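We did not get these values from a lab; they are worked out from the coordinates using the rules stated. Treat the numbers as computed from the prediction; the structure is a model and nothing was measured. Ideal geometry is used to build each Cβ from the backbone, glycine not excepted, and the neighbour counts take in all protein chains shown.
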Ligand SMILES: C[S@@+](CC[C@H](N)C(=O)[O-])C[C@H]1O[C@@H](n2cnc3c(N)ncnc32)[C@H](O)[C@@H]1O
């Protein structure tokens with residue numbers, strides 16, 4: 001099926017289609033369900049997931065040497081994780097469909113003097129970036145996609161990840177009290193990144209995702225995949 005906006009004169013990633021809150025792309029399942037573009041989450045103060053600091057799980061990963069080479073943060077939001085990884089000296093691109101979040105991220109980068117790139121792009125079509133990354137991070141994006149979107153998203157991630165590259169997915173898990181919205185099971189992760197998908201799952205560890213409304217974070221999976 002063709003994308004909304006095909007054939008128009010402005011590039012899809014410009015986000016400037018007059019009157020189109022989706023910037024010419026097809027709304028995601030989450031946007032269709034909520035009736036709002038992702039950008040709206042950033043209009044009235046910090047979004048529930050926007051804690052103003054990097055996720056501890058990502059900081060731990062980085063301390064353990066988990067990030068190498070060019071790094072992509074898919075669905076970067078206001079950029080705390082991307083900014084943290086970039087502050088370690090790695091080249092980082094954060095992409096999101098929410099222009100408001102990207103604008104906030106760029107201001108933070110300027111204020112903190114951190115060299116990092118933020119760009120509007122649809123994570124379901126990362127091949128359009130025409131770039132390759134050694135490490136890809138998904139913090140809170142995978143779990144927003146429904147079963148119909150996941151195969152396309154997984155292929156999109158594979159299209160920008162170099163051979164032997166690493167993908168980290170930090171998502172809400174379905175185990176334990178206080179589960180977040182869109183809880184995901186280990187089986188769903190293994191099914192999405194099954195061998196035919198171009199990925200092999202090397203680890204799925206229980207972890208936590210901090211939010212603005214959980215005292216000690218919500219139960220999460222930190223999944224590590226290698227590009228086959
Ligand atoms: C739960 S938030 C997590 C944001 C950020 N990673 C963080 O940890 O604060 C999910 C983010 O994914 C973005 N997003 C949703 N669908 C997207 C898509 N198709 N392409 C790019 N970004 C998307 C949303 O705008 C939102 O910023």
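Numerical summary
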item: Length gained when the stretch residue 205-residue 119 is fully extended (0.36 nm per residue, less Cα-Cα span); result: 28.0 nm
item: Kirkwood-Stokes translational diffusion coefficient of the stretch 91-199, alpha-carbon pairs, 10 °C, 1.306 mPa s, µm²/s; result: 104
item: Computed [θ] at 222 nm, helices only, for the chain once each DSSP H run of length n ≥ 4 contributes -39500 (n - 2.57); result: -6500 deg cm²/dmol
item: Antiparallel content of DSSP bridges confined to the stretch 32-227, in %, to 5; result: 45
item: Gaussian network model of the chain, springs between alpha carbon atoms under 10 Å - residue of 177, 48, 91 with greatest fluctuation; result: 177
item: Whole-number percent relative contact order across the chain, with pairs defined as alpha carbons under 8 Å at least 6 apart; result: 17
item: The stretch 32-227: translational diffusion in µm²/s, Stokes-Einstein, Kirkwood Rh over Cα pairs, 20 °C, 1.002 mPa s; result: 129
item: Protection proxy ranking of 180-190, 74-84 - average other beta-carbon atoms within 10 Å, highest first; result: 74-84, 180-190
